[in-house]
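Structure first, then comments.
Throughout, read-outs are computed from the coordinates displayed, never taken from laboratory work. Computed from a prediction, not measured in an experiment: that's the story for all the values here. With ideal geometry, Cβ positions are generated from the backbone for all residues, glycine too; neighbour counts draw on all protein chains shown.
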C-alpha cells in the first residue's frame with residue numbers, strides 16, 4: 001500500500017481549471033519530484049496536499065487516511081512535514097532554539113514564565129541538528145548563518161514532528177551549486193535511513209535528475225508524464241513542453257540548469 005495516494009485531484013479558480021483530475025502515488029523511502037512549466041498546477045497541487053488549499057474534487061490519503069478537508073496543522077499532526085521555498089526560521093533565535101520551538105509545537109506544549117522554552121527537549125533538538133550537520137552551530141543566531149545552513153536548520157525543524165511524508169517546496173532555490181548538492185545528498189541520506197517519503201518541487205533539472213527516484217510532470221493542470229528520471233529525460237511530450245522542438249534534456253547540464261528556471 002502506498003503511503004500517499006492522490007486520485008482525481010481537481011481545483012478551479014473562477015473559470016480556470018488549475019488542477020484537472022491528476023493522480024499519483026508515493027511510497028515510503030521514495031523521493032518524488034513534481035515538475036512542470038509555469039502555470040502547470042505544481043504549487044496548487046503541493047498546497048492541496050499540505051491543506052493550505054482545499055481540493056474541489058478528488059482524494060488525498062496518507063496511509064489510508066483522507067486529508068482533504070483537514071486543516072494544515074492537523075495534517076502536520078497526521079505525519080506531514082514541510083519546508084518552504086524561502087526558508088522560514090526565527091532569525092533572532094539560536095539554531096537550537098529554532099528546533100526547540102518546533103518540538104514545542106509537535107508536543108502541543110506551551111511555554112510560560114514558569115517554564116523556559118529553551119529548556120524543552122534540548123537533547124532531542126541537538127540530535128536533530130546532528131542529523132543535518134548543524135550541531136556545532138547550535139548556539140549561533142540563525143541571522144548569522146549562510147543561506148545554505150539556514151536551509152539545513154529548516155530541514156531539522158521540519159523533522160521535529162517526525163513526519164512520514166516531507167513536502168519540500170523548491171528546496172534548493174537561491175542556493176549555490178555546491179550547497180544544492182549538499183542539501184539534496186543529505187535529504188537522500190535521511191530518506192534512505194529513516195524511510196521518510198519526500199514530495200518536492202524543483203526548478204533545477206540537475207537536482208531532479210540526480211536525486212529523484214521518480215518524476216511526475218504537469219502541464220496546464222494535467223498529468224502528462226510519470227516515470228524514472230531517465231524515462232522523463234527521454235519523454236517526447238515533456239521535451240516538447242519544456243523546449244518545443246529541436247532540443248532535449250541531453251543538451252543541458254548542471255551548469256546550464258539555472259537557465260531552465262524561467263521555464264518552470
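The table that follows gives values for the structure above.
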item: Residue order, fewest to most surrounding Cβ atoms within 10 angstrom, among 131, 184, 102, 157; result: 131, 102, 184, 157
item: Extension gain from residue 186 to residue 237, taking 0.36 nm per residue of separation minus the Cα-Cα distance; result: 15.2 nm
item: Chain lengthening between residue 104 and residue 127 when straightened (0.36 nm per residue, less Cα-Cα); result: 6.7 nm
item: For 200, 24, order by how many other beta-carbon atoms lie within 10 Å, fewest first; result: 24, 200
item: Distance in nm between pseudo-label sites at residue 92 and residue 136 (7 Å out along the Cβ direction from Cα); result: 3.0
item: q = 0.16, 0.22, 0.25 Å⁻¹, region 111-200: log10 I(q)/I(0) [Debye, one scatterer per Cα]; result: -0.69, -1.18, -1.41
item: Distance (nanometres) between label positions extended 7 Å along Cα→Cβ at residue 176 and residue 52; result: 2.8
item: Burial order of peptide ranges 25-33, 84-92 (average beta-carbon count within 10 Å, highest first); result: 25-33, 84-92
item: Average Cα contact separation per residue, region 38-95, under 8 Å, 6 or more apart, as relative contact order %; result: 26
item: Angle between the chain longest axis and helix 95-106 axis [Cα atoms, degrees, rounded to 10]; result: 80
item: The chain - percent relative contact order, Cα under 8 Å, separation 6 or more; result: 25
item: Least to most buried among 178, 189 (fewest other Cβ within 10 Å first); result: 178, 189
item: Inter-probe distance in nm under a simple model that places probes 7 Å from Cα toward Cβ, at residue 228 and residue 13; result: 3.7
item: Stretchable slack from residue 2 to residue 146, in nm (0.36 nm times residue separation minus alpha-carbon distance); result: 48.1 nm
item: Helical contribution to [θ] at 222 nm, DSSP H n ≥ 4, -39,500 (n - 2.57), averaged over the chain, rounded to 500; result: -10000 deg cm²/dmol
item: For the chain, average projected area of the Cα convex hull in nm²; result: 14.6
